[in-house]
Structures are given as C-alpha cells and as structure tokens.
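Enquirer: Got a structure for you, written out below as structure tokens; questions coming shortly.
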Ligand SMILES: CC(C)(COP(=O)(O)OP(=O)(O)OC[C@H]1O[C@@H](n2cnc3c(N)ncnc32)[C@H](O)[C@@H]1OP(=O)(O)O)[C@@H](O)C(=O)NCCC(=O)NCCS
C-alpha cells in the first residue's frame, strides 16, 4: 500500500534491495536488519518509509520473535533531524498513523515502542531533542512513556563475587514450579511492565504471559535455570540465564517477598552470571528499570556496566 500526500510518499520497502534506502538514517539496529530479514524477524511489509522524491524523511519498523507471525515491538522510528522546523515531527506522525493502520492488528493494543538511548541523553542537547521529537510524534498517536530502562553488560574478566554459602541452587523441576514462583514474586514488584500487567490481569495471568512472551522463546536449555533455596530447601528466588537470538542474557530473576531485604539477589545474580561465564561467552546482557533501584544496585555490585538505556512507550 502506498499513500501520496502533498509530494510525500508513505509506503513499506519493497524488499532487501531497499535496505540501503531504509538505513540512511543512522541507528544502532541498522547492522542487524539484513540478518533479521533473512530470519523472518522482520518483514518488508513491516518496514515503512516516508519519502520526498528520493529523500528519506521518516522511517518505522517492527520486529517479531523468531517463528512468530505478528509484530512484537516497534523498535525503529526515526525522523529527519536535519530539518529546522517542526514539520519533521508532523511527517513522523503521518508515517506512524499510516503504517500502524496496516501493520498493527485491528482492535488489539499496538506493539510496544522501544528506543535505545545513551545514559546521558537528557543532558546532551542534540540527543535530548532527537529523543523528545520522536516521543512527541508517538504521543500524538496515543503512546505514553511507560518506563526508562537500563541496559547492562557483564564483560569477561570481571570478577564474579564468590558464593556467600547462604543459599543452595538447583535446576527448575518443571514449568509449573517456575510459573508459581513467577506469580508470587509479582507481589510488591517495582518493575513497570509487571505493574502495568497487574492493572489488567491477575498475577497468575501476568506470570503466564511473561513466561510465554519471554522465557518460552529462549534458544538455550532450561537446565541452566536455577531455583535458590535456604539450606532446608525453602525457595528464596530464581534466575533464568539464557541465550536469545542475539546474546547470552540473564533473563528474569527475583526474590520472593518474604525474603527481600537480605541481599539474596546478589547471590542469585552471581550464580546466573557464573553459569553463563563458564561457557566462555563474549558478554552477558541484562536490563532493568531505572526505578527498580534494588535490582539496578545489585547489577552494579556484581560487576555489570550500564552502557545504554531504553525508552519504552505503550498505547492503552
Ligand atoms: C528486585 C529484587 C530482586 C530485590 O531483591 P532483594 O534480595 O530484596 O534485594 P536487596 O536485599 O539488595 O534489597 C535492597 C533494599 O531494597 C529493598 N527492596 C527490595 N525489593 C524491594 C521491593 N520490591 N520494593 C521495595 N523495596 C524493596 C530491600 O528491602 C532493601 O532495603 P534496605 O536497604 O532498607 O534493607 C526483588 O525486589 C524482586 O524480586 N522484585 C520483583 C522482581 C524483579 O523486579 N526482578 C528484576 C527484574 S529485572
């Protein structure tokens, strides 16, 4: 579908032969586009451009998990920042409205928007304007900021704290065991996505959704997952070290409400890190909300570096 408005052409790209055109706007994910297209995580019909002649004025693209058929994230949205007037934001809005009408399933909540930003984006004028212009365009289509998140990385050679000996670790028995623990840890969570889920569904439903959206898609064996217990066997928390389509990751980790405030998260995170590091991985990636201070502090204590942030926006 192509829409022509006042010399502006809004359309999806024709295929991989137009990746050069699509990549004219710089962004961290450009280098993954060819592989993602080949693997079916992107589709030409989910990669939209707004053109004036052959000039790229805006672009948007959705991504899905391997094997899925519906877009899961809107993870690329750019507008031409060289333009001096506010017209470039209007063009971004028109592109989003046209593309979303075609790409997002009718009646369903549109896929979440995620943008990678630098940790200091609020302090650097040009970066601030770039991010705020995109957020302004998204807000005009009904999106709202849900949360700002920290992207974290552990690098080989970083020492991992030795086990304190307070906890024992064992594999997860079955799906029901991890699902019931995931349900319990939602009580008092500081995580914005979990809290948002809890406004729409029960804790059990939120745990099942989280499991199906994330844990069920890992490409790594489940026997990497660990339940942390007290010496008498009582569960304290868990961690799901894994590999996604791009990196070794810490996945999900938590401490049960009754055991919070004892620093157990350091032991659990260190154990998950040890499981991955013993496989000579080039890096370990993780993420947590800027506002999830106990979790962010634990990542820092265990040696993770905050190298980027993300802005996450959702539609109601
Ligand atoms: C985040 C979490 C793992 C922290 O575990 P923990 O072992 O309690 O962490 P710590 O013992 O280091 O806690 C440090 C401080 O934060 C407080 N704290 C921990 N979790 C808290 C919570 N959910 N809400 C409010 N305060 C919390 C602790 O009481 C402690 O306070 P103190 O310094 O005054 O004693 C745990 O809260 C949790 O499981 N949350 C839900 C799941 C989650 O967010 N996982 C991370 C996803 S990326």
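FYI, it's all coordinate maths here, none of it is from the lab. Everything numeric in this text was worked out from a predicted model, so none of it was measured. Don't worry about glycine lacking a Cβ; one is built from the backbone with ideal geometry, like all the others, and counts go over all protein chains shown.
Enquirer: Can you give me the number of residues within region 197-240 that are within 13 Å of the ligand (Cβ to nearest atom) and either outside any loop (DSSP other than H, G, I, E, B) or more than 20 Å from residue 184 (Cβ to Cβ) (or both)?
Expert: 13
Enquirer: Select from region 296-305 the residues that are within 13 Å of the ligand (Cβ to nearest atom) and closer than 13 Å to residue 153 by Cβ and write down the one among them that is farthest from the chain's Cα centre (by Cα).
Expert: Restricting attention to region 296-305, the residues satisfying the condition of being within 13 Å of the ligand (Cβ to nearest atom) are 296-302, 304.
Within this subset, residues satisfying the condition of being closer than 13 Å to residue 153 by Cβ are 299-300, 302, 304.
Details: 299: 17, 300: 19, 302: 21, 304: 17 Å.
For region 296-305, the residue satisfying everything is 302.
Enquirer: Taking the conditions exactly as written (touching a strand residue (DSSP E or B) at 6+ places or on another chain (Cβ under 6 Å), within 21 Å of residue 224 (Cα to Cα) and not in a loop (DSSP other than H, G, I, E, B)), does residue 138 satisfy them or not? Break it down stepwise before answering.
Expert: On the way: touching a strand residue (DSSP E or B) at 6+ places or on another chain (Cβ under 6 Å): yes; within 21 Å of residue 224 (Cα to Cα): no; not in a loop (DSSP other than H, G, I, E, B): yes.
Spelling it out, it is not the case that residue 138 is touching a strand residue (DSSP E or B) at 6+ places or on another chain (Cβ under 6 Å), within 21 Å of residue 224 (Cα to Cα) and not in a loop (DSSP other than H, G, I, E, B).
Enquirer: Here is a follow-up. Within region 241-257, track down each residue that is out of contact with any strand residue (DSSP E or B) (no Cβ under 8 Å at 6 or more places or on another chain) and within 11 Å of the ligand (Cβ to nearest atom).
Expert: Result: 257, single match.
Enquirer: Taking region 152-167 only, how many residues are in contact with a strand residue (DSSP E or B) (Cβ under 8 Å, 6 or more places away or on another chain) and within 16 Å of the ligand (Cβ to nearest atom)?
Expert: Final tally of qualifying residues: 4.
Enquirer: Which residues, taken from region 258-280, are within 11 Å of the ligand (Cβ to nearest atom) and touching a helix residue (DSSP H, G or I) at 6+ places or on another chain (Cβ under 7 Å)? Don't jump to the end; show me each part of the working.
Expert: At the first step, the residues of region 258-280 found to be within 11 Å of the ligand (Cβ to nearest atom) are 258-269.
Passing the criteria: 265, 266, 269.
Enquirer: So which pairs qualify, if the first residue must be in region 243-261 and under 18 Å from residue 289 (Cα atoms) and in contact (Cβ under 8 Å) with a residue 12 or more places away in the chain, the second must be within 11 Å of the ligand (Cβ to nearest atom) and in a strand (DSSP E or B), the Cβ gap must be under 6 Å, and the two must be at least 6 apart or on different chains?
Expert: Once the first residue is under 18 Å from residue 289 (Cα atoms) and in contact (Cβ under 8 Å) with a residue 12 or more places away in the chain and sits in region 243-261, its partners that are within 11 Å of the ligand (Cβ to nearest atom) and in a strand (DSSP E or B) give 250/286; 253/239; 254/237; 255/237.
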